[in-house]
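The values are calculated or read from the model by the stated rules, or taken from the named source; none is laboratory data. This is a predicted model, so every value here is computed, not measured. Here the Cβ positions follow ideal geometry from the backbone for every residue, glycine too, while neighbour counts run over all protein chains shown.
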Amino acid sequence: MLTIYQARDYNELSRKAANIISAQVIMKPNAILGMATGSTPVGAYQQLIEWYQKGDLDFSKIRCVNLDEYKGLSGEHKQSYRYFMNRNLFEHINISLPNTNIPNGLAPDSEAECSRYNNAIQTLGGIDLQVLGIGGNGHIGFNEPDTDFKKETHLVALTEETRTANARFFSTVDEVPTHAYTMGIKNIMSAKRILLLATGSSKAQALYDSLYGPITPHVPASILQLHNDVIVVADDKALDMIEKKGFLK
Ligand code: GLP
């Protein structure tokens with residue numbers, strides 16, 4: 001089933017997303033949460049921190065597994081996704097850091113790192129709720145447009161579009177890593193529930209193509225149409241095309 005929640009603005013999007021994540025944490029205190037980076041989920045994470053500080057949420061038994069990480073960046077590098085998760089969420093809640101999983105950007109053997117990460121996901125026993133952002137080209141995690149869907153954790157060469165989009169966090173585009181580790185489509189699709197977040201007009205086309213266009217690896221997020229339980233929380237701008245095509249009732 002696809003459920004779309006329309007948010008007036010980023011603040012409302014963040015609160016709705018945080019409500020869905022916190023419902024999961026409350027209903028299953030030892031849930032496995034699939035986490036995402038990027039600018040989109042930051043507000044939801046801030047809201048979760050606030051509710052944790054009020055005493056409404058307990059993450060002590062929660063385990064997290066992240067979608068992706070840049071190859072070549074250490075966890076201390078300010079643009080690594082490990083650093084991002086620590087600063088934007090993990091350090092502010094009572095999650096135990098050993099219960100958080102992110103690919104190791106400095107692993108010497110990429111193939112070994114991919115199988116280590118696949119095993120880690122498998123050992124956790126299945127993701128209950130996977131949070132996703134979406135790239136302007138329809139990527140999820142770092143599953144870039146391709147001629148086939150990659151199933152499990154793999155090393156990917158980032159497209160120039162993605163490197164340029166992510167250059168805003170680095171001093172120059174040349175500093176953006178050329179490769180990244182990402183969960184594969186099967187890892188993502190195995191999650192029991194998916195929460196896809198999108199904000200801004202730069203995501204409108206990708207969101208429309210993903211939810212209502214043909215299912216194709218050229219738009220990786222389009223595979224979500226085959227998932228049983230997808231919740232989309234998006235703002236008016238990101239939903240603009242979907243609304244114009246008459247899909248929002
Ligand atoms: C990045 C990440 C994705 C993220 C996407 C959108 O490259 N690898 O996981 O969802 O791009 O990012 P943002 O939310 O900043 O638009």
Would you confirm whether any residue within the range 122-134 is in a loop (DSSP other than H, G, I, E, B), within 20 Å of the chain's Cα centre (by Cα) and polar (S, T, N, Q)? no
Residues of the range 122-145 being more than 16 Å from the ligand (Cβ to nearest atom) and either surrounded by 14 or more Cβ atoms within 10 Å (Cβ to Cβ) or of a type in the set (Val, Ile, Thr) (or both), which ones? Thr123, Leu124, Asp128
Which pairs do you get when a residue that is over 18 Å from Ser80 (Cβ atoms), found in the range 153-168, comes within reach of a residue that is β-branched (Val, Ile, Thr) and within 11 Å of the ligand (Cβ to nearest atom), reach meaning Cβ atoms under 7 angstrom, with the pair 6+ apart or on two chains? His154/Thr182
Tyr181: passes all of (1) within 16 Å of the chain's Cα centre (by Cα); (2) in a strand (DSSP E or B); (3) away from the ligand (no atom under 11 Å from the Cβ) but (3)
Taking the range 105-121 and keeping residues in a loop (DSSP other than H, G, I, E, B) and either surrounded by fewer than 16 Cβ atoms within 10 Å (Cβ to Cβ) or in contact with a Leu (Cβ under 9 Å, 6 or more places away or on another chain) (or both) leaves Gly105, Leu106, Pro108, Asp109
Any chance Tyr208 is assigned to a strand (DSSP E or B) and either away from the ligand (no atom under 13 Å from the Cβ) or among the aromatic types (Phe, Trp, Tyr) (or both): no
Can you go through Glu243, Glu160, Glu144, Glu152 and tell me which one is over 30 Å from Lys28 (Cα atoms) and at pLDDT 95 or above? Glu243
Of the residues in the range 193-249, how many are small (Gly, Ala, Ser) and within 16 Å of the chain's Cα centre (by Cα)? 6
